[in-house]
Amino acid sequence: TLELEYAKSRLAPRNAPPAANLAANRIMFLTLGTVRTGAIPSPWLARSWGPSLGLQYDGEFEAAPGLRRKHVASAFPGVELFAGAVVRTLAVSAIVKRDLSRDPPNTQTGLRLRSLAAAPVGPGGARLEGELWNNYFFLTPHDNPADLRLEGGANAKLRIPVRRHWSVAPFVDFYWFALKTRPVWGYSLMSGVSLGFTRLWKPRYEAL
């Protein structure tokens, strides 16, 4: 998975110098691999399981004013259950997160849970899809007020086919967090509609 977001706005108010603002500034790369080790006799939950490893990078295109440019690398070694009829994947792993944008660089460790699920809804080909993930970080003597103790999210979308490769999907997205050294926690809720395009092309069987 590769996600890139960059947007910059320039404001020129009357009788004031122009000002630039970074509206979006994000890079995320995630790759996951699992080796099939055995079978599971619960088709709705999973058909296979095995050891897994995930690698992720979170960064920015440019530094925000007054801050260091974000560089965070994470590894997720663990076990994954996959290929279920309803639960597509269920992964339980450790977290090793290295924040290279801090001076000196900071390492956080913890536990991670991530699950994807999907099921057909109705006769028209609509599908209900969901994701749940949660990170829990252990306390260390080097924690600062901005370090997270808990971070997670849950989202659900109803994907409705429209025409051929196009679909629309109303969605709800919920995010939560809690800090380590301060009794501060929060959440956000977002809803909307996304437009999707999916095309599977097999060069040996289809013409351009």
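The values are calculated or read from the model by the stated rules, or taken from the named source; none is laboratory data. The model shown is predicted, which means the values in this text are computed figures rather than measured ones. Virtual Cβ from ideal backbone geometry, glycine too; neighbours counted across all protein chains shown. Just the protein is used for accessible areas: all its heavy atoms, side chains included, with ligands, DNA and RNA removed. Shrake-Rupley method; radii C 1.70, N 1.55, O 1.52, S 1.80 Å.
From the list 22, 32, exactly one residue is open to solvent by 40 Å² or more (accessible area, probe 1.4 Å), assigned to a strand (DSSP E or B) and closer than 18 Å to residue 89 by Cα. Which is it?
Working: 22 fails: closer than 18 Å to residue 89 by Cα.
None of the others qualify; the one that does is 32.
Could you say which residue among 146, 178 is farther than 29 Å from residue 84 by Cβ and either in contact (Cβ under 8 Å) with a residue 40 or more places away in the chain or part of a strand (DSSP E or B) (or both)? Working first, answer last.
Working: 146 fails: either in contact (Cβ under 8 Å) with a residue 40 or more places away in the chain or part of a strand (DSSP E or B) (or both).
The unique qualifying residue is 178.
Would you check if there is a residue in the range 132-141 being open to solvent by 70 Å² or more (accessible area, probe 1.4 Å), assigned to a strand (DSSP E or B), at pLDDT below 90 and in contact with a Gly (Cβ under 8 Å, 6 or more places away or on another chain)? If you could, list the steps in order and put the result at the bottom.
If we filter the range 132-141 for residues that are open to solvent by 70 Å² or more (accessible area, probe 1.4 Å), which is where we start, we get 132, 136, 138-139, 141.
So of that shortlist, the ones also assigned to a strand (DSSP E or B) come out as 132, 136.
Subsequent filtering for residues that are at pLDDT below 90 retains none.
No, because not a single residue in the range 132-141 is open to solvent by 70 Å² or more (accessible area, probe 1.4 Å), assigned to a strand (DSSP E or B), at pLDDT below 90 and in contact with a Gly (Cβ under 8 Å, 6 or more places away or on another chain).
When you scan the range 66-95, how many residues do you find that are farther than 18 Å from residue 179 by Cβ, open to solvent by less than 70 Å² (accessible area, probe 1.4 Å) and part of a strand (DSSP E or B)?
Residues flagged as farther than 18 Å from residue 179 by Cβ, open to solvent by less than 70 Å² (accessible area, probe 1.4 Å) and part of a strand (DSSP E or B) within the range 66-95 amount to 17.
Determine whether residue 172 is assigned to a strand (DSSP E or B), β-branched (Val, Ile, Thr) and without any contact (Cβ under 8 Å) to a residue 24 or more places away in the chain.
Details: assigned to a strand (DSSP E or B): yes; β-branched (Val, Ile, Thr): yes; without any contact (Cβ under 8 Å) to a residue 24 or more places away in the chain: yes.
Yes; evaluated as a whole, the condition is true for this residue.
Here is a yes/no grid of residues against (1) open to solvent by 70 Å² or more (accessible area, probe 1.4 Å); (2) under 15 Å from the mean Cα position of the chain (by Cα):
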residue: 114; (1), (2): no, yes
residue: 120; (1), (2): yes, no
residue: 126; (1), (2): no, no
residue: 153; (1), (2): no, yes
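Name the single residue that is surrounded by the most Cβ atoms within 10 Å (Cβ to Cβ) among those in the range 37-65 being assigned to a loop (DSSP other than H, G, I, E, B) and among the aromatic types (Phe, Trp, Tyr).
From the range 37-65, those assigned to a loop (DSSP other than H, G, I, E, B) are 37, 43-45, 60-65; that's our starting set.
In the following step, the residues that additionally are among the aromatic types (Phe, Trp, Tyr) were identified as 44, 61.
On the way: 44: 11, 61: 15.
Residue satisfying both the conditions and the ranking: 61.
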